[in-house]
Every structure is written in C-alpha cells, then in structure tokens.
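K.L.:
Structure below; questions to follow.
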Amino acid sequence: MAKWVYMFSEGDANMRELLGGKGANLAEMSKIGLPVPQGFTVTTEACTQYYEDGRTINSEIMDQVMDGVKKMEEINGKKFGDLTNPLLVSVRSGARASMPGMMDTILNLGLNDDVVAAMIAGNPDPKFERFVYDSYRRFIQMFSDVVMEVGKKYFEQLIDKMKEEKGVTFDVELTASDLKTLAEQFKAEYKKQLGKDFPSDPQTQLKLAIEAVFRSWDNPRANVYRRDNDIPYSWGTAVNVMPMVFGNLNDESGTGVAFTRDPATGEKKLMGEFLKNAQGEDVVAGVRTPMPIAQMEQEFPEAYQEFVKVCDLLEAHYHDMQDMEFTVENQKLYMLQCRNGKRTAQAALKIACDLVDEGMKTEKEAVAMIDPRNLDTLLHPQFDAAALKAATPLGKGLGASPGAACGKVVFTADDAQEWAARGEKVVLVRLETSPEDITGMKAAQGILTVRGGMTSHAAVVARGMGSCCVSGCGDIVMDEENKTFTLAGVKFTEGSEISIDGTTGKIYQGLIPTVDAKIVGEFGRIMAWADKYRRLKVRTNADTPQDAKKARELGAEGIGLCRTEHMFFDPVRIEAFREMICSDTEEEREVALDKILPYQQSDFKALYEALEGNPVTIRFLDPPLHEFVPTETEDLEKLAKAKNKTVAEIKAICDSLHEFNPMMGHRGCRLAVTYPSIAKMQTKAVIRAAIEVQKEHPEWTVKPEIMIPLVCEVKELKFVKKIVVETADAEIKASGTNLTYEVGTMIEIPRACLTADDIAKEAEFFCFGTNDLTQMTFGFSRDDAGKFLGSYYDTKIFESDPFARLDQTGVGKLMEMSIKLGKPVNPNLHIGICGEHGGDPSSVEFCHQIGLDYVSCSPFRVPIARLAAAQAAIAEAR
C-alpha cells in the first residue's frame, strides 16, 4: 500500500518533492529540536492521485489522514471533535516551490457549536469566551472563503457593519457577544450563498479543506504563476495539518513573520513584524498595523530571546536567508514555517556575496542560488516603490520587456520621433508594431501594444533595445485613426499621461516617478564568479553600435546576430532600396544598391569598432520585400518619379510583392537567389568595413562571420556562398590584405536540421534561429499563436509559451540532431543560438547540455545568460 501521509517526525529537508517545501521544512525543524506543533503532511503524490481519481480523495488516502489525526491526538493529549478537550488544527498548502496564489491557510478547524459551548463551559473567564468566539467566526469566514469559495467580501461587510453599530474601529474591540452574533450571521450568510448548512462534523471539515488545497493547485492564478516560473503541473502540492497554537488567546500571546536578513536590501539584520493577540493572517492582511519585531522584546522577552536563537540556528543550518512564521501562546514560542526567503535581485546579490564572505557558501553555491530572471530588474529604470504602491493599475498586458516608462501617449512612430526630438517623453501606443516603427520605438520611453505576445515584434525589439514594453493588452479599445484609446473607462488621447511597468505588465494613468538602475559591486563579483565557471560563451543580438556597446558593458563576448534589415529603414536608404525593388534589370538594381553600400559599410565599421576584435556575425537580408515598399501616396509618387514610371505601375509592383504567407514566402536566402546583387552589395560592405578596421587596429583580430538565413537545401547555400566568396575574395585581393572570414548559415527550417550533414559540408558555422524554427516545427505563426495559446494553457496541452521557452522535446530534438549530423562532417563547425531563447535560463541550460558553443541574446539579457550558463555548468559538475 502506498504511503500518502508522513508525520513531521518521519521526514526531513531532502524530501521536498514528496512533502513539498513547507512539509519538508517543518519535518527538518522538528528533527533539529525546534518547537514545532507536531502534525503530519499529506504528500504531493496524493494530490496527483486526487486528479487521477476525478478530483476526489479516495478512501485509502482518507484512512491514512485519520490515522495521522489519531497519532496527533496521542502526541498532543487532545481529541479531534471532543467536547472536553478538543484538538483544533490548521490546514496549509505547501508545493515544492513557494507559490503565491496557492490556497490560503485555514485556522481553527474542528470547531462547531457544540465544541464552542463545551470550551466556554470549561473556562468561565470572559476573556476566554471572547477568544473562543473570535476563533469560531474566523474559522467560518476562512472555511467559507477558502474551501467553499464564498467571497470574503460578504463577511467583511458584516464585520464592518457590526463595528459601525458598536462604534469601534478594530476587530479586537468587539466583545464576546458581538463575536457570537457575527458567528451566527456568518453561518446564515453561508447558507444563503450555498443553500446548505455550515458543516459541523470535524472529519468532513478536514476532508473538504484537504480537497480545497489540492483543487487550488489548478486555479488560474497558480497556473499563470507556474507558467511564468517553470514549475511543472505534474509536481502537485502537499497539505500540512498541524495542531493549532493560539496567538489570539490573550494579551500574553501573539503572532509574527520575520526574515533573518532584509529581503529588500540584503542587510544582515532581523526584520519582521509582530502583532499581540492576533492570528497569523492578521499580520499579512494588514488589518491592524503590526509592531516591528524588535518591540517584541519588551512584550515577550523570553520568547524573543528564544526566537533570536532559532533565527541564528536556522540560517546556519540552511546556509541562506530564512523567512519564518511563528506564534507565541502564553509567552511560549512555536515555529510554524521556515523557508529560504524571497528577495529582490539587489538583496539576492548582497546575500550571496555575504554568505561567501561569512564562510557559509562556496562561490559555486553563491552563483547557483541566484535566480537569473531576477537580474532583469537591476538593469532597467524602475518605478519609485512608494509611488507605485500608492497607484492603482487601470489594466494589465504582458510584461514583455522589463523596466518602467512614463510619458505622453503618441500613436505613430513618426509622432514619437517628432515629440521626442522636441524633448517630450513619450509612450508609443499601437495596435501592434512593425519593422518601420523602429525609429519611433527607439525614441519612445516605452511601448504599449494591444496585440501580440512575448515574442511579438514589439517585445523582441524592445528587449533588444532595453526599452520597457507591455504587449497584448486586449482590454484596450483602440481608435488609431482618431488617435484615442479607452482602457477601464478612461479615455486617452494624444498627449495624455500614462505609465507602464514592463516587469508586471501593469498600466497606470498619469506619471509615476522612476529611479535609474544601478549596477553595484556585488553584481560584478557574482558575474566574475559566473564567468569563471561557465563553458558557454555569451554573445548579443545587436544591430546598432549603441546596442553593441551596452552589451559589451554587460559582458557580451561578440555579436551572434546583427539583423541588417533594421539598417534599411533610415529615410535615405529606404528610398534607394525601394528603387532597387522596382528595378527591371540586374544592372538597375546594382545602381540603386550602390547608393546604400557606403551606409552599410559605415554601419558595419561602427559595429566592428564597438566589438574591438570580438566576433561579429552579420545576417544577410531576411524579411520579405513587401515590408520595405511604400504605402503613403507621397512616397509612391517620389518613387515613381525616381524610376521614371507611373504611380499605377509602382503600385502594381508593390501589390505583386504581397504574399499570402510572408513568413514562409520570398525571404531569407531566397532573396539572394533571385537578386544576387543584394548579396554582392552586403558582402562588399562587410568586407570593406573589416579591412578598414583591421588596418586602423592591427592589434585586433577582425574576422567577419557572414550568415545566410533560411537555408533549407545545401545547393541553395552553395549558390549564395559562391556569390559571397567570389565578391569577398576579389575585395581582399584588391586591398592587398590577408583578411579571413567565415560563411555559415542559420538553421531555422526543420529540413535544414534533417539534412545538417550535407549543409555542414558548405557551412563554417551553424546558428539556430529558434524563433523561426519553433514556428516552422509547430506549424503556427508566432504573431497569431497568442489568439489560441490561452486555451492550450487552460487545457494543459501546453504549460509554457514555446516562443518564450525552448520546446526541448520537439525543437530541441531537431537541434540535437543537427549537431550530431553536422559535427562529424565538419569537426571545426562552431554552433550557437540567436533566437529569443538565448536569454531564457532553462533554454540556456539546454543549450549547454547539447554542446552549443555560444548563446546570443538581446543586450539586457546578457548577464542573465552568463549566470544561467554558469549554473548549467555547475549543475552538470554536481
């Protein structure tokens, strides 16, 4: 028979997977002799079984639960449901990973009218009578809210009404008879809402409470949190049942929450809050203002001294900052929970460094204890914490690119540029963004879009620029034509003030003050340790010298992807490029492209200079040509004049370029096959710039890596490579230098993975473009997937967004196959990844495992990738 229930005395800290974090720590605290009320844990496996049994707790599990209750009765000398000496319990959830949004605690379970009457009869003190009714009304309220999902508000309204009638401010001022009346009102409310009486049998109460914990594992809040934090649905949650200790018994009792170090700054000092004559949820709920933990020393000196000792013991035991919940009953201390405390990124770095200095952690352990995703917040401007707390969000989209932005609303990229040029701070609000919005996106403080997900154009570009972006706020009613939008009944027009939080996705009316991010000493120390232990190199995706410089400051060791198309949207260049598109002959095309050549050359020169001899991978033109053609009448007329054609002819050419499925259309290397002059021009620019920089800086090794995108057939690569090599070799010969270069390809079509052994004969490097590889493997467009992925998360078909977190099962298998096929054919083949996945920690770990040489990500994700790469190497060694 399976074991579904463990007493605290049977477990320890290593049993997290089975007992959950809370259960494992309660067992560990018991084991090291701390004052923990002795109870039991129902395992995570029981949770999985509950779902397998159609959301019911089977009799085998329930029998073991009741056996646990019996053992608890023996240890505590009280009986569950007994009238003379009743055992009351608390029920708490506890998954493997700490999860906000999971089921709240239920206290005082086991009370009913008979138990209440018997308890009062056994102790004539009026204060005790008040305590019993206070515990009873709390239990009814919590049970109704948490287990039966009757809203909190009904009960809060009844409490407020009672306080008003009695002319008091706080719950503690209500008398025993007030609380008795409230308990009756609460039960009546329960019956009104649910159509049945409040359950009086303690065993039924316990079963319903355990079911509620299991049920909460699948609530919408928990599902979203799991998706954002890489927590598998299959883990399940455990349930902890323990005897009640009462902080609300009298003025000699109380309850508190504390941290062994400051969770905001990491400073080594005891931080926390304490409330006299209260139960746990009072501290957290903020109903009454608690006192700082240090004041507890005056109220309960002995319990406080013991608590300080416990804090030191726990931190020394777990070698990490602890977050603890405790209760004092009649001056005696009881520990109810401990866990490694949640902390800000800043605090995490300080605590990790301090623990190394204190001899509690090794450098490797310090690197491993920091969540790479948290570093994001250190690198971008943030809202002032106090101002943010006081503000109420109007709505919420996806926090697509972290940071804080506030400014005046503008609706077009041109307006963003224009307003910014005259010194205005603006937030660009669009239905969705496209490549020609790039200049406006650069000019704006932040970007807010109605459509699009975490890998939409806006999100990817914003992360690359380190700009704040909130995408996919579907609640916005947009009227782009009249430059207005409405959100939560508030109408915004051009120039309205708005603030957006790219970390949380929240949107606020008005301007919230921001503070600049600081990279402090501990950050540098942790990064130096990370660099010491990682094997994977970290490059950046950068199209401008500014991005490249920023990435170098943040530790990038090269450029893994320079998207040349972003350089074409400059007004002077776009005109020449449009002339190229509307040319009739290859000669005409070359004339138009020659106008762009000097610009491209100076772009590449600036990138090489920013990288100081580190590798630079330049991807040749990738998007379909229709993205570059004009739509405005004025631009059409200008182009017609330049090409000596009618506007109608130009329009016809532009219309002919539109495709039914442009993502799988005439783009990538297919453009170079059709228009070899594009590849020639880009090769000349790459090579000439490299020759120039190498001459000016003989101490650097400038070795361009030319990347041909979207190859699916080796002959295609061979064809384009021939153009590149002939052009490059002619340029090098003419310059009299001995510059070397490499030609490789992006692997982003499943067929390229399947034929990687052939492609490796021609390519000197592979770089996985996992954005396209993901959409081609799944067969859905990343721009449209957001419309249906929600249903896929709800039905558990998918647990995470495959565009944000690499699909290791399918896409990962194709990547592995490419490496296994390609490396034997070309042992010198170097392999990287340059999709958005290059900055996602779990994807970086996978890239380490399959033997990639480098990952490349947007500049502000470079530190995240460096840390994740180190953690992957450390975990592998372990």
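K.L.:
So which of Val213, Val224 ends up being open to solvent by 60 Å² or more (accessible area, probe 1.4 Å), among the β-branched types (Val, Ile, Thr) and either assigned to a helix (DSSP H, G or I) or touching a helix residue (DSSP H, G or I) at 6+ places or on another chain (Cβ under 7 Å) (or both)? Don't jump to the end; show me each part of the working.
P.N.:
Values: Val213 fails: open to solvent by 60 Å² or more (accessible area, probe 1.4 Å).
Exactly one residue qualifies, and that residue is Val224.
K.L.:
Can you name the condition, by its number, that Trp700 falls short on among (1) buried (at least 16 other Cβ atoms within 10 Å of the Cβ); (2) within 41 Å of the chain's Cα centre (by Cα)?
P.N.:
That leaves (1) as the condition not met.
K.L.:
Additional query: Just checking, does region 26-41 include any residue being within 22 Å of Arg215 (Cβ to Cβ), in contact (Cβ under 8 Å) with a residue 60 or more places away in the chain and open to solvent by 20 Å² or more (accessible area, probe 1.4 Å)?
P.N.:
Looking for residues that are within 22 Å of Arg215 (Cβ to Cβ), in contact (Cβ under 8 Å) with a residue 60 or more places away in the chain and open to solvent by 20 Å² or more (accessible area, probe 1.4 Å), one finds none in region 26-41, hence no.
K.L.:
Restricting attention to region 574-582, does a residue exist that is under 38 Å from the mean Cα position of the chain (by Cα) and within 25 Å of Ala548 (Cα to Cα)?
P.N.:
Initial filter on region 574-582 (under 38 Å from the mean Cα position of the chain (by Cα)): 574.
Subset that is within 25 Å of Ala548 (Cα to Cα): 574.
Yes, region 574-582 contains a residue that is under 38 Å from the mean Cα position of the chain (by Cα) and within 25 Å of Ala548 (Cα to Cα).
K.L.:
For the subset of region 583-604 comprising residues that are in contact (Cβ under 8 Å) with a residue 60 or more places away in the chain and open to solvent by less than 20 Å² (accessible area, probe 1.4 Å), which member is farthest from Gln682 (Cα to Cα)?
P.N.:
Ser583
K.L.:
Of the residues that sit in region 250-286 and are of a type in the set (Asp, Glu) and closer than 20 Å to Thr105 by Cα, which one is modelled with the highest pLDDT? If you could, list the steps in order and put the result at the bottom.
P.N.:
First pass over region 250-286, keeping only residues of a type in the set (Asp, Glu): 251-252, 262, 267, 273, 281-282.
Next cut, closer than 20 Å to Thr105 by Cα only: 273, 281-282.
Details: Glu273: 84, Glu281: 68, Asp282: 69.
Result: Glu273.
K.L.:
Let me ask another. Restricted to region 339-386, and to residues that are at pLDDT below 90 and of a type in the set (A, V, I, L, M), which residue is nearest to Leu270 (Cα to Cα)?
P.N.:
Ala347
K.L.:
Could you count how many residues in region 430-449 are farther than 20 Å from Thr631 by Cβ and either part of a loop (DSSP other than H, G, I, E, B) or modelled with pLDDT of 90 or more (or both)? Steps first, answer last, please.
P.N.:
So in region 430-449, the residues farther than 20 Å from Thr631 by Cβ come out as 442-448.
Applying the additional criterion that residues be either part of a loop (DSSP other than H, G, I, E, B) or modelled with pLDDT of 90 or more (or both) yields 443-448.
So the answer is 6.
K.L.:
For residues that are out of contact with any helix residue (DSSP H, G or I) (no Cβ under 6 Å at 6 or more places or on another chain), not in a loop (DSSP other than H, G, I, E, B) and not aliphatic (A, V, I, L, M), tally how many sit in region 293-305.
P.N.:
Going through region 293-305 one residue at a time, the tally reaches 6.
K.L.:
Moving to a separate point now. Within region 130-157, restricting attention to residues that are part of a helix (DSSP H, G or I) and open to solvent by 60 Å² or more (accessible area, probe 1.4 Å), which residue is nearest to Pro202 (Cα to Cα)?
P.N.:
Taking region 130-157 first, the residues part of a helix (DSSP H, G or I) are 130-147, 152-157.
In the following step, the residues that additionally are open to solvent by 60 Å² or more (accessible area, probe 1.4 Å) were identified as 152-154, 156-157.
On the way: Lys152: 22, Lys153: 25, Tyr154: 24, Glu156: 25, Gln157: 27 Å.
Among residues in region 130-157 that are part of a helix (DSSP H, G or I) and open to solvent by 60 Å² or more (accessible area, probe 1.4 Å), the one nearest to Pro202 (Cα to Cα) is Lys152.
K.L.:
Pairs needed: first member in region 787-799, without any contact (Cβ under 8 Å) to a residue 60 or more places away in the chain; second member anywhere, of a type in the set (A, V, I, L, M) and open to solvent by less than 40 Å² (accessible area, probe 1.4 Å); C-beta distance under 7 Å; at least 6 residues apart or different chains.
P.N.:
As it stands, the answer is Phe798/Leu789, since those pairs meet every condition given.
K.L.:
Looking at Val308, is it in contact (Cβ under 8 Å) with a residue 40 or more places away in the chain and either touching a Gly at 6+ places or on another chain (Cβ under 9 Å) or not in a strand (DSSP E or B) (or both)? Even if it seems obvious, please write down each step before you answer.
P.N.:
Numbers: in contact (Cβ under 8 Å) with a residue 40 or more places away in the chain: no; either touching a Gly at 6+ places or on another chain (Cβ under 9 Å) or not in a strand (DSSP E or B) (or both): yes.
Against the criterion (in contact (Cβ under 8 Å) with a residue 40 or more places away in the chain and either touching a Gly at 6+ places or on another chain (Cβ under 9 Å) or not in a strand (DSSP E or B) (or both)), Val308 does not qualify.
K.L.:
Any residue in region 532-552 that's under 17 Å from Leu867 (Cβ atoms): show its pairings with residues that are open to solvent by less than 10 Å² (accessible area, probe 1.4 Å) and aromatic (Phe, Trp, Tyr) at Cβ separation under 8 Å, as long as the two are six or more apart or on different chains.
P.N.:
Final answer for the pair search is Leu536/Tyr854; Lys537/Tyr854; Val538/Tyr854; Arg539/Tyr854.
K.L.:
Across region 826-878, what is the total count of residues that are within 17 Å of Trp529 (Cα to Cα) and touching a Ser or Thr at 6+ places or on another chain (Cβ under 9 Å)?
P.N.:
Adding up the residues that qualify gives 3.
K.L.:
Of these, Tyr675, Tyr741, which one is closer than 30 Å to Arg578 by Cβ and in contact with a strand residue (DSSP E or B) (Cβ under 8 Å, 6 or more places away or on another chain)? Even if it seems obvious, please write down each step before you answer.
P.N.:
Values: Tyr675 fails: in contact with a strand residue (DSSP E or B) (Cβ under 8 Å, 6 or more places away or on another chain).
Of the residues listed, the single one that is closer than 30 Å to Arg578 by Cβ and in contact with a strand residue (DSSP E or B) (Cβ under 8 Å, 6 or more places away or on another chain) is Tyr741.
K.L.:
Next up: Against the conditions (1) free of Cβ contacts under 8 Å to residues at least 40 places away in the same chain; (2) assigned to a loop (DSSP other than H, G, I, E, B), where does Met99 fall short? Just the number, please.
P.N.:
(1)
K.L.:
Could you grab me the full set of residues in region 347-367 that are small (Gly, Ala, Ser) and surrounded by fewer than 18 Cβ atoms within 10 Å (Cβ to Cβ)?
P.N.:
Taking region 347-367 and keeping what is small (Gly, Ala, Ser), we get 347-348, 352, 359, 366.
Gly359, the sole residue that qualifies.
K.L.:
I've got another one for you. Considering only region 389-402, state which residues are modelled with pLDDT of 85 or more and either closer than 19 Å to Ser467 by Cα or touching a helix residue (DSSP H, G or I) at 6+ places or on another chain (Cβ under 8 Å) (or both).
P.N.:
Matches in region 389-402: Lys396, Gly397, Leu398, Gly399.
K.L.:
Any idea which residue in region 1-25 is surrounded by the fewest Cβ atoms within 10 Å (Cβ to Cβ), counting only those that are closer than 22 Å to Asp323 by Cβ and polar (S, T, N, Q)?
P.N.:
Selected residue: Asn14.
K.L.:
For residues that are among the basic types (Lys, Arg) and in contact (Cβ under 8 Å) with a residue 12 or more places away in the chain, scanning just region 387-419, find the one that is most open to solvent (accessible area, probe 1.4 Å).
P.N.:
Restricting attention to region 387-419, the residues satisfying the condition of being among the basic types (Lys, Arg) are 389, 396, 408.
Filter again for in contact (Cβ under 8 Å) with a residue 12 or more places away in the chain, leaving 396, 408.
Numbers: Lys396: 118, Lys408: 59 Å².
Per the criteria, the residue is Lys396.
K.L.:
Follow-up. Find all pairs meeting these conditions: Cβ atoms under 7 angstrom apart; at least six residues apart or on different chains; first residue within region 638-655 and among the polar types (S, T, N, Q); second residue part of a helix (DSSP H, G or I).
P.N.:
Thr646/Ala640
K.L.:
Okay, moving on. Scan region 102-126 for residues that are at pLDDT 90 or above and part of a helix (DSSP H, G or I) and jot them down.
P.N.:
If the condition is that a residue be at pLDDT 90 or above and part of a helix (DSSP H, G or I), then Asp113, Asp114, Val115, Val116, Ala117, Ala118, Met119, Ile120, Ala121 are the ones that fit.
K.L.:
Here is a follow-up. Would you check which residues across region 50-67 are under 33 Å from the mean Cα position of the chain (by Cα) and not in a loop (DSSP other than H, G, I, E, B) and list them?
P.N.:
Initially, region 50-67 is screened for residues under 33 Å from the mean Cα position of the chain (by Cα), giving 50-56.
Result: Tyr50, Tyr51, Glu52.
K.L.:
Now, a different point. Could you please find all residues in region 370-386 being crowded, with 16+ Cβ neighbours inside 10 Å, hydrophobic (A, V, I, L, M, F, W, C) and either in contact with a helix residue (DSSP H, G or I) (Cβ under 6 Å, 6 or more places away or on another chain) or part of a helix (DSSP H, G or I) (or both)?
P.N.:
Ile370, Leu375, Leu378, Leu379
K.L.:
Just the residues that are open to solvent by less than 10 Å² (accessible area, probe 1.4 Å) and either polar (S, T, N, Q) or under 30 Å from Ile370 (Cα atoms) (or both), please, taken from region 294-309. Walk me through it before giving the result.
P.N.:
Narrowing region 294-309 to residues open to solvent by less than 10 Å² (accessible area, probe 1.4 Å): 296, 300, 303, 307.
Within region 294-309, just Phe307 meets the criteria.
K.L.:
Tally the residues that are under 19 Å from Gly668 (Cβ atoms) and either outside any helix (DSSP H, G or I) or open to solvent by less than 10 Å² (accessible area, probe 1.4 Å) (or both), restricting the search to region 730-771. First the steps, then the outcome.
P.N.:
Taking region 730-771 as the starting set, the residues that turn out to be under 19 Å from Gly668 (Cβ atoms) are 742-756, 758-760, 762-771.
Filter once more, so that each one left must be either outside any helix (DSSP H, G or I) or open to solvent by less than 10 Å² (accessible area, probe 1.4 Å) (or both): 742-749, 752-753, 755-756, 759-760, 762-770.
Qualifying residue count, region 730-771: 23.
K.L.:
If you don't mind, there's one more thing I want to ask. When residues of region 324-336 are filtered for being open to solvent by 10 Å² or more (accessible area, probe 1.4 Å) and either free of Cβ contacts under 8 Å to residues at least 60 places away in the same chain or in a strand (DSSP E or B) (or both), how many remain? Explain how you work it out, then say what you get.
P.N.:
As a first pass, look at region 324-336 and keep what is open to solvent by 10 Å² or more (accessible area, probe 1.4 Å): 325, 329-332, 334, 336.
Next cut, either free of Cβ contacts under 8 Å to residues at least 60 places away in the same chain or in a strand (DSSP E or B) (or both) only: 325, 329, 332, 334, 336.
Matching residues across region 324-336 total 5.
The values are calculated or read from the model by the stated rules, or taken from the named source; none is laboratory data. In this text, all values refer to a predicted model and were calculated from it rather than measured experimentally. Reconstructed Cβ throughout: ideal geometry from the backbone, glycine too, with neighbour counts over all protein chains shown. Note: accessible area is taken over every heavy atom of the protein model, side chains too, but ligands, DNA and RNA are not part of it. Shrake-Rupley method; radii C 1.70, N 1.55, O 1.52, S 1.80 Å.
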